[in-house]
Each structure stands twice: as structure tokens, then as C-alpha cells.
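Undergrad: First the structure, then my questions, so here it is.
The values are calculated or read from the model by the stated rules, or taken from the named source; none is laboratory data. As the structure is a computational prediction, the values presented were derived from the model and not from experiment. Using ideal geometry, Cβ is built from the backbone for each residue, glycine included, and neighbour counts are taken over all protein chains shown. Note: accessible area is taken over every heavy atom of the protein model, side chains too, but ligands, DNA and RNA are not part of it. Shrake-Rupley method; radii C 1.70, N 1.55, O 1.52, S 1.80 Å.
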Amino acid sequence: MKILVTGGLGFIGSHTVVELAKANFEIVIVDNLYNSKEDVLEKLEKITGKKFKLYKYDLCNKEKIEEIFKENQIDAVIHFAGYKAVGESVREPLMYYSNNLISTLNLLEVMKKYNVKKFVFSSSATVYGEPKTPKCTENMNRGETTNPYGTTKAMIEKILEDLYASDNSWNITLLRYFNPVGAHESGLIGEEPNGIPNNLMPYIMKVASGKLEKLNIFGNDYPTIDGTGVRDYIHVVDLAKGHVKAIQNAPDGLNIYNLGSGKGISVLELVTTFEKVNNVKVNYQIVDRRPGDIAENYADPSEALKELGWKTEKSIEDICRDAWNYENAEG
Ligand code: UFG
């Protein structure tokens, strides 16, 4: 079975390529290198001992997508490609709507033309908005998203639901990720955000390595275990395996699964675990809450276990160790 992985050199895409290759799928990668580096391809080949075909194309160019489908007998698509920085999306909404929506529509139109109807979409827990309960189940409504990035995820979910309603020979799986962190244990691939990181784990690593002075913890007066924000952190390798299971086991129709551990961890708990596991100090100060943040959210991952046979296997300690290993391997 041949799978087209869009954004296959990015953080989650690259780890998914590794797991797909381990499960003996044939893989074609398309990536415009906007937020990724070409040398990831060699690293993927080193980890897996396999070669991958890479198209350095932009999905906003429909003719280029057609070329890929003409040259390869694609059976299924896993769609990671897209802009993903929350703050940037607030500053540049048109860029986010235009890129994320046009690329996805182009891809779906070409798939339809070539009668390829198996699609796995990289969605996010952000579509729950401000959930009524911290534990999110898939049957909860999509909420009011708080930024254009999140809105593109919710809009694409809706587009896919409408597409399925129009033609139920499609097999569509929406995977709602919680907070992906960690890195491959080889230290060869991981997350490389541009500039000063916005997300907690990359920021912790910059502080631990002395590249940034201290972590700002956004609020310690939330109604949580220690007052700091609680999230469900998922090791990127576990997340990648969830995609393989979705390709292998998702039933016919349109499916939605949370991919998370089911366990909430506070900012302070994560900082303390990182310090303990890696024997490093992470300096921090408490500052005001960050606008748009919610107190607590975590996945109910039971549907993914029941229908896909997937659950997380790695611990928060594994996450901290592998992330730090990648940071140091990078130098
Ligand atoms: N935090 C800090 N200091 C920082 C960064 C984050 O205290 O420097 C805190 C936040 O307040 C929050 C927690 O750490 O409590 C996690 O924050 P992240 O920015 O790492 O992640 P978010 O949960 O805010 O957002 C993530 C992804 C989004 C996605 C969302 C889905 O970054 O892409 O989860 O729920 F949309």
C-alpha cells in the first residue's frame, strides 16, 4: 500500500514516516520545506534503512499535486502539511486561511479525480475550543476556536464531513492531537521551531540549555492541582503510531479519534520531571496568564483504543529524556 505523506519532513510527519516504514508501507513525501529541512530526508533514511521519494512541491499548486498522482499509484493520504503557529496565525490570518484551506481543497480535488478516497487528517484538540469539562470526548461539539490556526483545523474538519456526506465511499479519519512533544530516541529527528518557541516543551529545552534565561509560567492561579495549566502531553512516536493504526484499522466511513494519553500534567509537574530525569535546572518565574489559554484539558482516548487498538506507551519521563537527547544531539 502506497501512502502520500504531506508535510512528511515536519515534526509529526517525519516521525510518522518512520513508523509507516517500520510497518512496511510504501511512502511518498511531499513537503515545501516552509517549516522543515531537507536533511531530515537523509535522517529518515538513516533511521529506517529505506529510501523515500520526495517532492518539494507546494500543495497550493494543484498541477504539482496532479503530477504526484500521475507518477505514483497512491492508495491513501496522510495530510500534515499546513501552517501551525498560533501567534503568527493571529497576526497573519489571511495567510493561514489561504494556505491551510487552499492546499487541503486542492489535495482533496486531486484525490477525487484519481479516485483515491482514503484520507487521514492531522487535526487538533484545539477544535474543542473552551470545553465544558477538561476531559474531551469526540462526541463533544467543536467549540469556538480562539485563533485562526485553530479555526482552519475546525473548518477543514467540517469540509471533510461535508465531503463524506456527499459521497460515503470516502474513508476519512480525523485525528485530534493533544500536545505533541518529545523526539525520536535516535536523537536524529525532533521539533525545531523557528525563533523563540511558543510552546512549553521547546521553551523548557532552550532554558535548560542556557539559550534562554528563564521560562515564564503563564499563571499559577488556575483551578488545577498546583495552579498552573494542565495539558495532555503525548510522545510524538506514540502519536506517529496512531497514524499507522488509523491507516490499518479505521473502519469504513468518517471517524474521529482523540490521540492523547488521557492524563493531564501541570506546567510545574512537567518542569520538575524534566529537571529530575535529565538532572538539569530549568529556571522559571510566574507571570500573568496568557490570553486564550484554558486551565485544563486532556483526552478521553478510549475510542482510539477500542476501534484502532492504539494507546500511548511512553511515559512523561520518556518524553523529557528523548526531547533533551535531541536538543543535545543537535548541539
Ligand atoms: N506555557 C507556559 N509557558 C510557556 C509556554 C506555555 O507556562 O512559555 C503553558 C501554557 O500556559 C499551557 C501549557 O504551558 O498551560 C501548554 O502550552 P503550549 O503552548 O505548549 O500548548 P497549548 O496547550 O497552548 O497549545 C497546544 C498547541 C496548539 C494546539 C493546542 C490544542 O500548541 O497548536 O495545544 O489544544 F492547538
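Undergrad: Taking Gln73 and the conditions (1) crowded, with 17+ Cβ neighbours inside 10 Å; (2) over 17 Å from the mean Cα position of the chain (by Cα), which numbered condition does it fall short on, given that it satisfies the others?
TA: Status for Gln73: all satisfied but (1).
Undergrad: Here's a follow-up. So is Lys22 over 19 Å from the mean Cα position of the chain (by Cα), closer than 26 Å to Leu160 by Cβ and surrounded by 14 or more Cβ atoms within 10 Å (Cβ to Cβ) or not?
TA: Criteria not met by Lys22.
Undergrad: Right, here's the next one. Looking at this structure, is Tyr34 in contact (Cβ under 8 Å) with a residue 12 or more places away in the chain and surrounded by 15 or more Cβ atoms within 10 Å (Cβ to Cβ)?
TA: Considered against the rule, which asks whether it is in contact (Cβ under 8 Å) with a residue 12 or more places away in the chain and surrounded by 15 or more Cβ atoms within 10 Å (Cβ to Cβ), Tyr34 comes out as no.
Undergrad: Okay, moving on. Considering only residues that are under 18 Å from Lys314 (Cβ atoms) and in a strand (DSSP E or B), look in region 223-256 and name the one that is farthest from the ligand (Cβ to nearest atom).
TA: The extreme case among them is His235.
Undergrad: Go through (1) part of a helix (DSSP H, G or I); (2) over 19 Å from the mean Cα position of the chain (by Cα); (3) crowded, with 19+ Cβ neighbours inside 10 Å one by one and return the number of the condition Ser89 breaks.
TA: Tallying (1) part of a helix (DSSP H, G or I); (2) over 19 Å from the mean Cα position of the chain (by Cα); (3) crowded, with 19+ Cβ neighbours inside 10 Å, Ser89 fails exactly one: (2).
Undergrad: Please go through region 179-216 and give me each residue that is within 15 Å of Trp324 (Cα to Cα), in contact with a strand residue (DSSP E or B) (Cβ under 9 Å, 6 or more places away or on another chain) and of a type in the set (Lys, Arg), ordered by number.
TA: Lys206
Undergrad: Just need a number here: residues in region 282-331 that are among the basic types (Lys, Arg) and touching an Asp or Glu at 6+ places or on another chain (Cβ under 6 Å).
TA: Qualifying residue count, region 282-331: 1.
Undergrad: Let me ask you something else. List, please: which pairs have Cβ atoms under 7 Å, are six or more places apart or on different chains, and start with a residue in region 202-219 that is β-branched (Val, Ile, Thr) and modelled with pLDDT of 95 or more and end with one that is in a loop (DSSP other than H, G, I, E, B) and open to solvent by 50 Å² or more (accessible area, probe 1.4 Å)?
TA: Between residues of region 202-219 that are β-branched (Val, Ile, Thr) and modelled with pLDDT of 95 or more and residues that are in a loop (DSSP other than H, G, I, E, B) and open to solvent by 50 Å² or more (accessible area, probe 1.4 Å), the close pairs are Val207/Lys214; Val207/Asn283.
Undergrad: Select from region 40-66 the residues that are closer than 13 Å to Thr6 by Cα and β-branched (Val, Ile, Thr) and list them in ascending order.
TA: Residue satisfying the conditions is Ile65 alone.
Undergrad: Here's another thing I want to ask about it. What do you reckon, is Trp324 over 17 Å from the mean Cα position of the chain (by Cα), farther than 22 Å from Thr224 by Cβ and at pLDDT 95 or above?
TA: yes
Undergrad: Which members of region 104-121 meet the condition of being in contact (Cβ under 8 Å) with a residue 60 or more places away in the chain and in a helix (DSSP H, G or I)?
TA: Leu107
Undergrad: Let me ask you something else. Can you find a residue that is free of Cβ contacts under 8 Å to residues at least 60 places away in the same chain and either within 14 Å of the ligand (Cβ to nearest atom) or assigned to a loop (DSSP other than H, G, I, E, B) (or both) anywhere in region 286-297?
TA: Among the residues of region 286-297, at least one is free of Cβ contacts under 8 Å to residues at least 60 places away in the same chain and either within 14 Å of the ligand (Cβ to nearest atom) or assigned to a loop (DSSP other than H, G, I, E, B) (or both), which makes the answer yes.
Undergrad: Here is a further query. Of all residues in region 257-285, count the ones that are in a helix (DSSP H, G or I), away from the ligand (no atom under 14 Å from the Cβ) and surrounded by fewer than 17 Cβ atoms within 10 Å (Cβ to Cβ).
TA: Number of matching residues: 2.
Undergrad: Take region 298-315 and flag every residue that is in a helix (DSSP H, G or I) and open to solvent by 30 Å² or more (accessible area, probe 1.4 Å).
TA: Ser302, Glu303, Leu305, Lys306, Glu307
Undergrad: Name every residue in region 92-126 that is among the basic types (Lys, Arg) and surrounded by fewer than 17 Cβ atoms within 10 Å (Cβ to Cβ), in order of residue number.
TA: The answer is Lys112, Lys113.
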